[in-house]
Amino acid sequence: MVSLSLSGCYSMTDNGLKQALSEDLPTLLSLNLSLCKQVTDLSLGHISQHLKNLETLELGGCTCITNTGVLIIALGLKQLKSLNLRSCRQVSDQGIAYLAGQGKEPSGNPNLEHLVLQDCQKLTDHALKHVSQGLNHLKTINLSFCLSVTDTGIKFLSKMPTLLELNLRSCDNISDIGLGYLSEGVARLSALDVSFCDKVGDQGLRFLSQGLLSLRSLNLNACNISDEGIQSVVNGLNDLTTLNIGQCSKISDRSLTLISTKLRHLTTIDLYGCTQITTVGLEKIMQLPSLSTLNLGLWHRK
């Protein structure tokens, strides 16, 4: 057995998992415990003891997991490449320090490539400092809804040349300054989500278009951007395949004309809630040769 999913088994307890993991399972590489809300740090002890070769661990929604559990992961699961801690709201900066080998126990999970910290409300910029110092192989990180993360934290992440995907959705304290830091460091970044970051505007897009030339996917839904920002994007990021600008109320047909002219590789665009666009701009967009997904939502013809 290579993979085991117990996702959504709400009645699963530590005792039940202990019985299931009563012996070593060296071939098990992936375990999904998402939404097993009764599972606690005790279960992570059994997992680290018997699943030494685990590469993927999904703990999203396991709200009883604490920093102690993360320490157990750091000490016992040395092959781990992917870890999902979504909504593990008891995990703080100290827990991330354990993962990164920055705690009192100089251990950690240096082989981690994918880390989901979505909705971990206790995390601050210090967690990202730990990540940047200890997780040197990290390719993707999801920080969406981490409300205490600021531009300072993004400055730490900008020093990680391996980073390919960054999700900052609804991180309210991220601004153009943070995007400036990114543009100076993570040149290989291919996917960036700053949707619902209302401090991100046209200046931030100018930064991105000058430094992140490898971007293929850019999510700007509900950002405070205008046609000027889109002009920067189309001039600098010609290889974009996905561009989401839904709920950007300042976007007009001018942007759609620019996009249709310059972003010839575009396959997906979100224009939901863009109230200033008309059929004139949409006709331009429809001429894109590779376009397969167009979201207009509740758009009314003008």
When the dipole is taken about the Cα centre of the chain, and only Lys, Arg (+1) and Asp, Glu (-1) are charged at their Cβ, what size is it in debye, to the nearest 20?
-> 260 debye
Size of electric dipole in the stretch 111-177: Cβ of Lys, Arg +1 and of Asp, Glu -1, about Cα centre, debye, nearest 20 | 180 debye
For TYR10 and LYS52, compute 0.36 nm times the residue count separating them, minus their Cα-Cα distance, and round to one decimal in nm.
-> 12.6 nm
Going by average Cβ neighbours within 10 Å, how do the peptides 88-97, 136-145 rank, with the highest at the top?
-> 88-97, 136-145
Positive dipole terminus of the chain, leading residue within PRO26, VAL131, MET12 (C-beta point charges) = VAL131
HN-Hα J in Hz across the stretch 166-179 - Karplus 6.51, -1.76, 1.60, θ = phi - 60°, x for Gly and Pro | 9, 10, 10, 3, 6, 8, 4, 9, 8, 10, 4, 4, x, 5
THR152-VAL280 pseudo-label distance in nm [points 7 Å out on the Cα-to-Cβ vector] = 4.8 nm
Return, ordered by residue number, the residues of the stretch 25-59 whose backbone nitrogen is under 15 Å from a label point located 7 Å along Cα→Cβ of LYS18.
-> 39-50
Distance in nm between ASP172 and GLN133 label points, each 7 Å along Cα→Cβ, equals 2.9 nm
Ordering of 266-276, 21-31 by packing [mean C-beta count within 10 Å, highest first] = 266-276, 21-31
Interchain or long-range residues, amide H under 5 Å from SER226's placed H | ASP202
With every protein chain left in place, what is the accessible area per residue of the stretch 155-271 in square angstrom, probe 1.4 Å?
-> 36 Å²
Give me the aspartates and glutamates in straight-line cross-link reach of LYS155: C-alpha distance below 14 Å, same-chain residues under 8 apart excluded.
-> ASP125, ASP176, GLU184
For the stretch 273-293 and the stretch 165-223, distance of Cα centres in Å | 23 Å
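The values are calculated or read from the model by the stated rules, or taken from the named source; none is laboratory data. All values reported here derive from a predicted model rather than from experimental measurement. Note that we place each Cβ from the backbone using ideal geometry, even for glycine, and neighbour counts take in every protein chain shown. Surface accessibility is based on the protein's heavy atoms, side chains included, excluding ligands, DNA and RNA. Shrake-Rupley method; radii C 1.70, N 1.55, O 1.52, S 1.80 Å.
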